Amino acid sequence: MSTVAGEMDHHDHHHHAPSGITRWLFTTNHKDIGSMYLWFSFIMFLVGGSMAMVIRAELFQPGLQLVDPHFFNQMTTVHGLIMVFGAVMPAFTGLANWMVPMMIGAPDMALPRMNNWSFWILPFAFAILLASLFMEGGGPAFGWTFYAPLSTTYSSDSTALFVFSVHIMGISSIMGAINVIVTIMNMRAPGMTYMKMPLFVWTWFITAFLLIAVMPVLAGAVTMVLTDKYFGTSFFDAAGGGDPVLFQHIFWFFGHPEVYIMILPSFGIISAIIPAFSRKKLFGYSSMVYATAAIAGLSFIVWAHHMFTTGMPVAAEIFFMYATMLISVPTGVKVFNWVATMWRGSISFETPMLFALAFVILFTIGGFSGLMLAITPVDFQYHDTYFVVAHFHYVLVSGAIFSIMAAAYYWLPKWTGYMYDETLAKWHFWCSLISVNVLFFPMHFAGLAGMPRRIPDYSLQFADINQIVSIGGFAFGLSQLIFLWVVIKCVRGGEKAPAKPWEGAEGLEWTVPSPAPYHTFETPPEVK
Amino acid sequence: MSTRLITALLASIPLAASAQSQLNLTQGVTEISQRVYDLHMTIFYICCVIGVIVFGAMFVSMILHRKSKGHKPATFHENVKVEILWTVIPFLILVGMAIPATKTLFAMEDASEAEVTVLVTGSQWKWHYKYFDRDVEFFSLLATRQDQINNRLDKGENYLLEVDRPLVIPTDTKVRFLVTSDDVIHSWWVPDFAVKKDANPGFINEAWTKVDKPGIYRGQCAELCGKDHGFMPVVVIAKEPAEYEAWISEQEAIAKAEKEEEQRLLSMSMSKEELMELGERIYLGSCAACHQANGEGIPGVFPSLKGTEMVMNDKAGHIDIVVNGKAGTAMQAFGNQLSLRELAAVITYERNAWGNDTGDLIQAADVNDYLNN
């Protein structure tokens, strides 16, 4: 390995990167682009999070105190859109950019110029979306699911901006996905067969196919919303021969694979971290790969479980109930494999591991409520209540976002060359863990007791629960500032990180020095 | 503030320990809602058992197999038998869950042989109920006062869960609901019946219930339907069949009398004071949600009525849009929602309030011309 490192030093001397802003504007380097994706997603996480704070502040007490219902709806809508498309997805793309080439022994992403473009259109997409909030009539207020005809006939003119910005996000995602697939298929180091790839690479590989399959469907949905609103079509208008429920079918045909897009890369991250800190090989590598593929496949035939109350025929309800329940089998396999990996290992509890363990438990709780939601007759009671809000925040916040935090701590030494402050990081973890549960666990009770989602005011029986939830929300929001502090501190300096800071870590990324040189693996490593 | 926080936190402790009805799904008042509740609890317990096993194994591992205790890692990393076992066992558990779920689902979806049928129509932001085979129909609006919502008055016991005219249905009778919408998608939900059905514009969905116990049952719209989605509750009163029969006959008689009164009033004129007083009341109940109490609307969403062209100059257009609505917008047709007097009063109010001062007085007879068009 020392020869490889020596060669890279040599190359760095001849590297003429532009400096200042142009370095970032024109960069085609996967590490630069990965960093930009990660910073962008963190900024969006704070923006979307501050909207959640507005929501929780309004819901702190019954009655309307701070915002009017129309603005409240804009907050729930834009919060959802930003967290899904602006925070979680770009964070995963950023991690893919940084880590996929380093994990498969490739020098960069296969299509570096497209890589630059797929990042740089994103800030414009979100600038457009956020700008729409300042339009006359306000921004999108129809929920992130933008059901027609609320989003067509009954929406304000910001809908046009919303549609345009979703198109740009979609283009960015598709380009990112193409890049990941081409890179993985063509640029693996000699000896790196498919079944030797780290699971993060595998899960992203499968995720990228999901993205290519469903982002065009989303583009179709928003385009139909646009033409229904402005150009006299009637895709979703019964008066013109259309059907508003058709919109939901199209949306969720995108939307369900989309939720797996936001969780499969997490599975990859957790499958890297748990073995590393258990000092034991991942249990059931091949079954992990097959389970991921099975989940991805099933994700295309379960969409209508979001629509049980729309009045589907019983036969369809039965089909979608069974198919949805089936997903818990491969998901269960994954959880069992992680537990088996830990079993009789030699476990230590550094921050990445803490987040990974919290992920396994809290994601599984989200899985349980997901299984409950799959049961059609009871879904009629749960549907569109806070039980659903609790469910998807468990899988998205304490699931996807916790895994992103775990990944950030795990690879920060590789990215920055310094160890992060473990004490502060542990503060971040424990504050997040406690507050996230105070925030989301009581929502289960509110939902079961009958509180609908997306309401700015509620009846008095929900007052106590909402107050607790809001306190948890503010605490969780503040806790994330600790993370910002840890990262900035780590970027600025600290204890020097060795090439492989984690005793049990495996993979090519740990064979290069920390921080990873600007160019890695210009000569492909040999994988045995 | 801080005392409130502490109270809230303290309150949560007994809340979590008791008051099952507060924190869990309702068992409801129908056979179906009881079955749904049982299904919910069964699956919840199964999840708890699985959770205890999986998390238990994790915690055992975290406690016993830690590096700080000097535990040396084992080297196993696959075991086909175990892997098959934990694929097959969950599958069998799922089959066990699917059987009762399927049975309950079939029972819920069988709306045949209903004795009473009610057409439920959602619109922004109220429900309309129409009894089949009986001459009774009415709108059901939120009855909570705006002052309570804006924290100027103390909130009542049924804050946001009270309506001016609840739906009344008989007990021990299979009641079928045909659910639809006039504008966006709404969802009609009464937790105690385990009935939640989307109201889709242009399509009719079917649901049913058979209530065991007389009582007042409250629910809410469950599908985001715009600005006042949180303010369109559902209230259903279940009465003994004999009481129900008496009630509906009375309603029929009242409706008939109202129609006759309406015709009689056509020839009468109301004074400006009467019109303005009634008009303001109707405006705040039916119009202010969109056009706002000050008549200025919400720019870009709901048009202003203050000093605008139609209100100031176009009397015919004004009456027409109130009576017949405007297709393709949120402006509903109020011709079938309000009486002629009320329509006349609210139009008069709009033409004279907020400094509009056109001096126009609209009478029931003026409105009647447009209604019959």
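The values are calculated or read from the model by the stated rules, or taken from the named source; none is laboratory data. Here the structure is a predicted model, which is why all the values come from computation and not from measurement. Positions of Cβ are generated from backbone atoms using ideal geometry, with glycine treated the same way; all protein chains shown enter the neighbour counts. The area values use the complete protein model at the heavy-atom level, side chains included, leaving out ligands, DNA and RNA. Shrake-Rupley method; radii C 1.70, N 1.55, O 1.52, S 1.80 Å.
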Original post:
Is there any pair with a first residue in region B:181-195 that is closer than 25 Å to B:Thr104 by Cα and more than 7 Å from every other protein chain (Cβ to nearest Cβ) and a second that is acidic (Asp, Glu) and not in a strand (DSSP E or B) whose Cβ atoms are under 7 Å apart and which are 6 or more apart or on different chains, and what are they?
Top reply: B:His186/B:Glu223
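Scanning for something more than 9 Å from chain B (Cβ to nearest Cβ) and farther than 30 Å from B:Lys69 by Cα, does region A:359-366 turn up at least one residue?
Scanning region A:359-366, I find at least one residue that is more than 9 Å from chain B (Cβ to nearest Cβ) and farther than 30 Å from B:Lys69 by Cα, so the answer is yes.
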Original post:
If you check A:Ala141 against the conditions, is it open to solvent by 30 Å² or more (accessible area, probe 1.4 Å) and either outside any helix (DSSP H, G or I) or among the hydrophobic types (A, V, I, L, M, F, W, C) (or both)?
Top reply: no
Original post:
Looking at (1) under 20 Å from B:Ser267 (Cα atoms); (2) exposed (fewer than 14 other Cβ atoms within 10 Å of the Cβ), which is the only condition B:Gly355 fails?
Top reply: (1)
**OP:** Return only the number of the condition from (1) aromatic (Phe, Trp, Tyr); (2) open to solvent by less than 30 Å² (accessible area, probe 1.4 Å); (3) in a loop (DSSP other than H, G, I, E, B) that A:Tyr518 does not satisfy.
**Re:** (2)
Original post:
So, in region A:417-464, of the ones that are in contact with a Pro (Cβ under 6 Å, 6 or more places away or on another chain) and more than 9 Å from chain B (Cβ to nearest Cβ), which residue ends up least open to solvent (accessible area, probe 1.4 Å)?
Top reply: A:Gly417
**OP:** Considering each residue of region B:255-307, count those that are under 26 Å from the mean Cα position of the chain (by Cα) and assigned by TED's automatic domain parsing to the domain that holds B:Lys126, and give that number.
**Re:** 1
Original post:
So which residues in region A:247-291 are β-branched (Val, Ile, Thr) and over 17 Å from A:Ala356 (Cβ atoms)?
Top reply: A:Ile250, A:Val259, A:Ile261, A:Val289
Original post:
What's the number of the condition B:Val95 fails, among (1) under 22 Å from B:Asp198 (Cα atoms); (2) at pLDDT 95 or above; (3) within 12 Å of another protein chain (Cβ to nearest Cβ)?
Top reply: (1)
Original post:
Would you pick out the residues in region B:144-169 that are over 22 Å from B:Thr30 (Cβ atoms) and either hydrophobic (A, V, I, L, M, F, W, C) or surrounded by fewer than 14 Cβ atoms within 10 Å (Cβ to Cβ) (or both)?
Top reply: B:Asp147, B:Ile149, B:Asn150, B:Asn151, B:Arg152, B:Leu153, B:Asp154, B:Glu157, B:Leu160, B:Asp164
Original post:
Within region B:257-278, how many residues are open to solvent by less than 100 Å² (accessible area, probe 1.4 Å) and more than 12 Å from B:Ile362 (Cα to Cα)?
Top reply: 5
Original post:
Among A:Thr341, A:Thr331, which is the only one that is more than 7 Å from chain B (Cβ to nearest Cβ), of a type in the set (S, T, N, Q), touching a Leu at 6+ places or on another chain (Cβ under 7 Å) and under 18 Å from A:Gly268 (Cα atoms)?
Top reply: A:Thr341
Original post:
Taking the condition more than 10 Å from chain A (Cβ to nearest Cβ) and either part of a loop (DSSP other than H, G, I, E, B) or within 21 Å of B:Ile282 (Cα to Cα) (or both), does B:Asp135 pass?
Top reply: yes
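Against the condition open to solvent by 10 Å² or more (accessible area, probe 1.4 Å), touching a helix residue (DSSP H, G or I) at 6+ places or on another chain (Cβ under 7 Å) and away from chain A (no Cβ under 12 Å), how does B:Leu141 come out, does it pass?
Criteria met by B:Leu141.
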Original post:
Among A:Leu161, A:Leu150, A:Leu211, which is over 22 Å from the mean Cα position of the chain (by Cα) and either surrounded by fewer than 21 Cβ atoms within 10 Å (Cβ to Cβ) or more than 14 Å from chain B (Cβ to nearest Cβ) (or both)?
Top reply: A:Leu161
**OP:** Having 3 or more residues that are modelled with pLDDT under 95 is the bar; report the helices (runs of 4 or more DSSP H) wholly within region A:16-99 that clear it.
**Re:** A:21-26
Original post:
Within the set of pairs 6 or more residues apart or between chains, which connect a residue that is at the interface with chain B (Cβ under 10 Å from one of its Cβ atoms) inside region A:121-143 to a residue that is part of a loop (DSSP other than H, G, I, E, B) and of a type in the set (D, E, K, R) with Cβ atoms less than 7 Å apart?
Top reply: A:Met135/A:Asp157; A:Gly137/A:Asp157; A:Gly143/A:Arg454
Subject >> Residue check, B:Ala364 surrounded by fewer than 19 Cβ atoms within 10 Å (Cβ to Cβ) and not acidic (Asp, Glu) >> reply: no
